[in-house]
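In what follows, a structure is listed as structure tokens, so that the remarks can point back to it.
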Amino acid sequence: MEETYLLNVEGVRKKILHGGQGELPKLQDGSKITFHFQTLKDDFERTVIDDSREAGIPMEIIVGKMFKLEIWETLLSSMRAGEVAEFWCDAIHTGMYALVSRGMRRIAEGRDPLEGQKHRCGMGNMFDYHSTGYDDLDELQRTPQPLIFIMELFRVEEPSAYKRDTWAMSKEEKLAAVPMLHSEGNRLVLCKEFGQAAAKYQEAVICLRNLQAKEKPWEDGWLKLESLVTPLVLNYCQCQLELGEYYEVLEHTTELLQKHNENAKAYFKRAKAHAAVWNEREAREDFLRVAHLDPSMAAAVKKELKQLGERMRKKHVEDRKRYQGLFQPPQGP
């Protein structure tokens, strides 16, 4: 099936390559659109710029979340599920494509799509940088031109029909999700499902960190969110201790203590991680710091120091035996 017609949008032409099924989707804020796309130059060779199939996973966008290439929502809204269509778009609609493509390519490469980007509008960021890091995108940025998009629409999901990623939530949704994630993490800990519990705590922390990024550090709004972050990070670290991920605990507790250097619980968890990886001096220093900051934990500290001493003595004995055997001359026949 092939049909060519103009959309009711200036500078856009559509050609249906394969018909879809059902009614046209009714998009609303929060709807998730899943599709494959291919971007081509409008030249004789129809040079391919990007192809989502090369990454092996379809593209997803959330309606109303300020996706920088607004024309894509318009194009997709004209398609039925299962439809494949080709769209010709004039340069008035494609000026932001270089920035959008740069972000998508960085994600495919496992990099941060916002790496180095200032908190400005997309157009401002475009003029802040002389290069996108990709030669073909630099050319598009210098000389905006018409592009061809070939799209295959898989599905459109209503906001209530799928689990929303953290970045796609509004401020109110993130704040509402945090206590539920915290509670679910606690339930999983009681079931000794430490890996799953850690994931819940981590997701809650990400929600709060996203909100904190919009606040001025150390002012009231930022501090209020930080007070919610701290217990979640400590719970996450406790799960990592249970899972034997000691260097993960050292990293997160140290980061926490750089901002809150009198948090006894953070010192205690870091001390246990140090002890587990045989950092005896660091473990003793942190345990003693705990007893100084919170005398109610002195009994627990005393018990941990005793266990640390016993483990270190046993290790020294084993090391001596090992080295003794290593340097002994070989026995004769």
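The values are calculated or read from the model by the stated rules, or taken from the named source; none is laboratory data. Quick caveat, the model's predicted, so the values are computed rather than measured. Cβ sites come from the backbone with ideal geometry, for glycine too, and all protein chains shown count toward neighbours. These area figures cover heavy atoms from the full protein model, side chains too; ligands, DNA and RNA do not enter into them. Shrake-Rupley method; radii C 1.70, N 1.55, O 1.52, S 1.80 Å.
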Do you know which residues across the range 1-34 are surrounded by 15 or more Cβ atoms within 10 Å (Cβ to Cβ) and modelled with pLDDT under 90? Leu7, Val9, Pro25, Leu27, Gly30, Ser31, Lys32
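Listed here are the residues, each with its yes/no results for (1) buried (at least 17 other Cβ atoms within 10 Å of the Cβ); (2) on the phi > 0 side of the Ramachandran plot.
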{"residue": "Ser52", "(1), (2)": "yes, no"}
{"residue": "Pro58", "(1), (2)": "no, no"}
{"residue": "Ile62", "(1), (2)": "yes, no"}
{"residue": "Ile71", "(1), (2)": "yes, no"}
{"residue": "Ser77", "(1), (2)": "yes, no"}
{"residue": "Gly82", "(1), (2)": "no, yes"}
{"residue": "Trp88", "(1), (2)": "yes, no"}
{"residue": "His93", "(1), (2)": "yes, no"}
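Restricting to the range 255-292, and then to whatever is of a type in the set (S, T, N, Q) and within 28 Å of the chain's Cα centre (by Cα), can you tell me which residue is surrounded by the fewest Cβ atoms within 10 Å (Cβ to Cβ)? Before the answer, list the steps.
So the first thing to find is which residues in the range 255-292 are of a type in the set (S, T, N, Q), and the list is 258, 261, 263, 279.
From the residues that got through so far, the ones that are within 28 Å of the chain's Cα centre (by Cα) too are 258, 261, 263.
Details: Gln258: 8, Asn261: 11, Asn263: 20.
The residue in question is Gln258.
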Qualifying residues in the range 132-182 (those that are open to solvent by 60 Å² or more (accessible area, probe 1.4 Å) and polar (S, T, N, Q)) - the one modelled with the highest pLDDT: Thr143
Within the range 214-254, which residues are within 21 Å of the chain's Cα centre (by Cα) and of a type in the set (D, E, K, R)? Lys214, Glu215, Glu226, Glu245, Glu248, Glu251
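Condition first: of a type in the set (Asp, Glu) and either farther than 30 Å from Arg209 by Cβ or surrounded by fewer than 15 Cβ atoms within 10 Å (Cβ to Cβ) (or both). Can you find one or more residues in the range 223-241 that meet it? Please lay out each step first, then the result.
Filtering the range 223-241 for residues of a type in the set (Asp, Glu) gives 226.
Still in the running and either farther than 30 Å from Arg209 by Cβ or surrounded by fewer than 15 Cβ atoms within 10 Å (Cβ to Cβ) (or both): none.
No, because not a single residue in the range 223-241 is of a type in the set (Asp, Glu) and either farther than 30 Å from Arg209 by Cβ or surrounded by fewer than 15 Cβ atoms within 10 Å (Cβ to Cβ) (or both).
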Residue pairs qualifying under the 7 Å Cβ cut-off, at least six apart or on distinct chains, with the first in the range 245-273 being among the basic types (Lys, Arg) and the second being part of a helix (DSSP H, G or I) and open to solvent by 40 Å² or more (accessible area, probe 1.4 Å), are Lys269/Gln238; Arg270/Thr254
Taking the range 173-187 and the residues there that are in contact (Cβ under 8 Å) with a residue 40 or more places away in the chain and touching a Cys at 6+ places or on another chain (Cβ under 9 Å), the one that is nearest to Leu211 (Cα to Cα) would be Val178
Pick out the one residue from Gly244, Gly185 that is farther than 30 Å from Glu83 by Cα and surrounded by fewer than 17 Cβ atoms within 10 Å (Cβ to Cβ). Gly244
Selection within the range 306-316 - open to solvent by 60 Å² or more (accessible area, probe 1.4 Å) and not basic (Lys, Arg): Gln307, Glu310, His316
Consider only pairs whose beta carbons are under 8 Å apart and that are at least six residues apart or on different chains; among these, list those whose first residue lies in the range 282-293 and is without any contact (Cβ under 8 Å) to a residue 24 or more places away in the chain and within 10 Å of Arg270 (Cα to Cα) and whose second residue is open to solvent by less than 80 Å² (accessible area, probe 1.4 Å) and not aliphatic (A, V, I, L, M). Glu282/His274; Asp286/Tyr267; Asp286/Phe268; Asp286/Arg270; Asp286/His274; Phe287/Tyr267; Phe287/Phe268; Phe287/Glu304
Do we have any residue at all in the range 76-98 that's closer than 22 Å to Thr132 by Cα, aromatic (Phe, Trp, Tyr) and either touching a helix residue (DSSP H, G or I) at 6+ places or on another chain (Cβ under 7 Å) or not in a loop (DSSP other than H, G, I, E, B) (or both)? yes
Count of residues meeting criterion [within 25 Å of Val189 (Cα to Cα) and surrounded by fewer than 11 Cβ atoms within 10 Å (Cβ to Cβ)] in the range 201-221: 0
State which residue pairs qualify: first residue within 15 Å of Phe268 (Cβ to Cβ) and inside the range 217-239, second residue in a helix (DSSP H, G or I) and among the basic types (Lys, Arg) in any location, beta carbons under 7 Å apart, and separation of 6 or more residues or different chains. Leu234/Lys265; Leu234/Lys269; Cys237/Lys269; Gln238/Lys269
Quick check on the range 188-200: of everything there that is hydrophobic (A, V, I, L, M, F, W, C) and free of Cβ contacts under 8 Å to residues at least 24 places away in the same chain, which residue is most open to solvent (accessible area, probe 1.4 Å)? Leu190
